[in-house]
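Just below is one structure, and these are the notes that go with it.
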Amino acid sequence: MAAPDSNSKLLFSLDSYHVTAELGFILPDPLEELPPYYQPWMDIALRVPELVDSHELRFHINEMPLLSSQFLQKHRELRLAHLALSVMTMGYAWQEGENDTVKMLPHNLAVPYWEVSQRLGLPPILTHADAVLANWKKKDPQGPFDMENLELLFSLPGGDSVRGFFMVTLLVELAAVPGLRNIPVVINGVRCGDTEAVATALDAVCQSLQDMTDALKLMQAYVEPSVFYGIMRIYLSGWKDNPCMPKGLVYEGVRAEPMEFSGGSAAQSSLLHCFDELLGVKHEAKSGAFLTRMRNYMPPAHRQLIQDISSRPSLKSFVQQQASERLHQAFQHCVTKLLALRSYHINVVSRFITVPAARARQLRHQRQELEAEVISRAPAALEERGTGGSGIMTFLKTVRDQTKDALLPEMSKETIPHS
């Protein structure tokens with residue numbers, strides 16, 4: 001047998017990060033059933049939208065038996081359990097909207113939720129890793145991975161727009177996969193000084209960033225802005241930096257003091273963190289601190305991948321040291337596509353949050369026929385914030401503007417996208 005290549009240990013690969021060549025960060029083939037012992041959880045979690053609507057969810061959860069998490073053995077079992085417990089928790093906290101929030105999560109939900117969260121290295125709140133990465137199934141197992149063939153495992157109040165929001169986000173994750181696969185090629189190419197390999201891999205990253213933007217455009221077709229803003233958004237909100245729950249939430253049987261956790265946020269997706277680290281995008285001060293904190297809401301292996309990409313020799317420095325026009329162009333195109341994606345995301349947030357927020361303020365000011373408009377029921381406290389707790393437009397524009405700084409100096413201003 002041939003001796004192993006002495007360089008093989010130095011090569012960077014995705015093998016140890018819970019990332020697959022086909023699906024990237026998406027959990028492959030999520031389970032749909034837990035062991036029978038956990039049926040009481042599944043029975044309630046699958047009915048969260050209707051039980052919230054009838055104001056009965058808190059009652060059903062309060063009556064639920066306290067189950068041990070010890071019979072959950074495999075990773076996919078733990079992920080399904082975390083998803084089910086997360087959906088129940090969001091429904092429980094926000095069943096009555098912003099005006100009748102709870103101070104305590106009952107021990108029969110809080111204790112197993114905490115245990116499962118500790119085992120997975122995730123916080124006890126609904127995260128992107130739950131609602132998007134582990135919350136899907138194909139209607140036809142042999143069929144395509146597209147909007148027509150995808151279904152949610154669990155939903156939240158908001159009807160078809162909930163499915164649209166999570167499934168489109170899932171397709172954005174899928175669009176990134178070829179780019180993710182090429183990150184090790186870039187890193188190893190830099191180490192070997194192979195400019196052609198690096199440039200070709202950056203072309204693939206560039207195409208993925210374009211495909212992610214194109215996937216995000218599906219939001220317009222599948223999510224109704226007034227439903228997202230007026231109904232869905234509160235169920236994605238957390239109890240950190242949220243005026244509705246200023247002290248956080250007590251997890252009964254876990255800790256006597258309230259704990260604070262951020263709600264779901266696009267910043268909890270590992271994708272842009274990986275591409276930022278690869279391309280040398282630096283986020284300063286407040287926005288950087290928020291992005292770094294959001295890494296605590298990712299599966300530990302994904303968090304580790306971002307960290308390990310950041311510790312590799314600088315791609316940008318490598319590009320600047322090479323006399324390769326092809327390599328320079330490939331790098332510039334990547335940063336430009338990342339800028340365009342962030343600019344489009346600002347556009348989406350404006351359509352789904354800023355515009356409905358203005359409409360809601362107008363309606364509240366007029367105080368007439370309030371019930372006629374869904375968005376009038378939206379929580380006033382969230383008007384200027386993302387569900388993760390950030391001041392949303394300021395944050396997104398700062399992050400977008402800091403992406404520009406990654407461009408190489410000779411990039412002409414005319415080619416920079418702007419919103």
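Take the residues of segment 236-293 that are crowded, with 18+ Cβ neighbours inside 10 Å and of a type in the set (S, T, N, Q): which is farthest from Glu173 (Cα to Cα)? Only one residue fits best here, namely Asn242. I'm checking my understanding of the structure. Among residues of segment 151-183 that are in contact (Cβ under 8 Å) with a residue 40 or more places away in the chain and among the aromatic types (Phe, Trp, Tyr), which one is farthest from Ala131 (Cα to Cα)? Among them, the one singled out is Phe165. Just a yes or no: is a residue in segment 271-294 farther than 17 Å from Val132 by Cβ and among the polar types (S, T, N, Q)? Yes, some residue in segment 271-294 is farther than 17 Å from Val132 by Cβ and among the polar types (S, T, N, Q).
Of all residues in segment 402-419, those satisfying the criterion of being exposed (fewer than 14 other Cβ atoms within 10 Å of the Cβ), part of a loop (DSSP other than H, G, I, E, B) and at pLDDT below 50 are Ser412, His418. Kindly check whether there is at least one residue in segment 222-244 that is without any contact (Cβ under 8 Å) to a residue 12 or more places away in the chain and not aromatic (Phe, Trp, Tyr). No.
Within segment 26-47, the set of residues being in contact with a helix residue (DSSP H, G or I) (Cβ under 9 Å, 6 or more places away or on another chain), of a type outside the set (Gly, Ala, Ser), within 20 Å of Asn62 (Cα to Cα) and touching a residue at least 24 places away in the same chain (Cβ under 8 Å) comprises Tyr38, Trp41, Met42, Ile44, Leu46. Looking across Arg119, Arg79, one residue alone is within 19 Å of Leu31 (Cα to Cα), modelled with pLDDT of 95 or more and surrounded by fewer than 18 Cβ atoms within 10 Å (Cβ to Cβ). It is Arg119. Scanning segment 237-256 for residues that are closer than 18 Å to Gln118 by Cα and either among the acidic types (Asp, Glu) or not in a loop (DSSP other than H, G, I, E, B) (or both) yields Leu249, Val250, Tyr251, Glu252. May I ask you to list the residues in segment 184-217 that are out of contact with any helix residue (DSSP H, G or I) (no Cβ under 8 Å at 6 or more places or on another chain) and closer than 30 Å to Ala131 by Cα? Pro184 - this is the single residue of segment 184-217 that is out of contact with any helix residue (DSSP H, G or I) (no Cβ under 8 Å at 6 or more places or on another chain) and closer than 30 Å to Ala131 by Cα.
For segment 130-165, the candidate set comprises residues that are among the hydrophobic types (A, V, I, L, M, F, W, C) and closer than 17 Å to Met88 by Cβ; within that set, the residue that is surrounded by the fewest Cβ atoms within 10 Å (Cβ to Cβ) is Leu152.
Of the residues making up segment 296-315, those that are among the hydrophobic types (A, V, I, L, M, F, W, C), in a helix (DSSP H, G or I) and in contact (Cβ under 8 Å) with a residue 40 or more places away in the chain are Ala301, Leu305, Ile309, Leu315. Here Phe59 fulfils each of the conditions (1) under 21 Å from Leu126 (Cα atoms); (2) aromatic (Phe, Trp, Tyr); (3) in contact with a helix residue (DSSP H, G or I) (Cβ under 7 Å, 6 or more places away or on another chain) apart from (3). Within segment 325-351, restricting attention to residues that are of a type in the set (Gly, Ala, Ser) and within 18 Å of Leu271 (Cα to Cα), the residue that is surrounded by the fewest Cβ atoms within 10 Å (Cβ to Cβ) is Ser343.
Take the residues in segment 21-44 that are buried (at least 16 other Cβ atoms within 10 Å of the Cβ) and under 18 Å from Pro141 (Cα atoms); name whichever of them is nearest to the chain's Cα centre (by Cα). The selected residue is Ile26.
For segment 67-110, a residue qualifies if it is farther than 22 Å from Lys247 by Cα, of a type in the set (Ser, Thr, Tyr) and in contact with an Asp or Glu (Cβ under 7 Å, 6 or more places away or on another chain), and exactly one does: Ser69.
For segment 133-180, residues that are more than 30 Å from Thr200 (Cα to Cα) and in a loop (DSSP other than H, G, I, E, B) total 14. Just so you know, in segment 198-221 the residues that are under 17 Å from the mean Cα position of the chain (by Cα) and in contact (Cβ under 8 Å) with a residue 60 or more places away in the chain include one that is farthest from Leu126 (Cα to Cα), and it is Leu209. Residues being assigned to a helix (DSSP H, G or I), modelled with pLDDT under 75 and aliphatic (A, V, I, L, M): count how many of those fall in segment 352-401. Result for segment 352-401: 9. Just to verify a result, which residue in segment 54-71, among those that are outside any loop (DSSP other than H, G, I, E, B) and over 28 Å from the mean Cα position of the chain (by Cα), is nearest to Gly253 (Cα to Cα)? So the residue we want is Asn62. When the test is whether a residue is in a loop (DSSP other than H, G, I, E, B) and hydrophobic (A, V, I, L, M, F, W, C), Leu85 does not pass it.
The values are calculated or read from the model by the stated rules, or taken from the named source; none is laboratory data. It should be emphasised that the depicted structure is a prediction, and the values quoted were computed from it without experimental measurement. Neighbour counts are summed over all protein chains in view; Cβ atoms, including those assigned to glycine, are modelled from backbone coordinates with ideal geometry.
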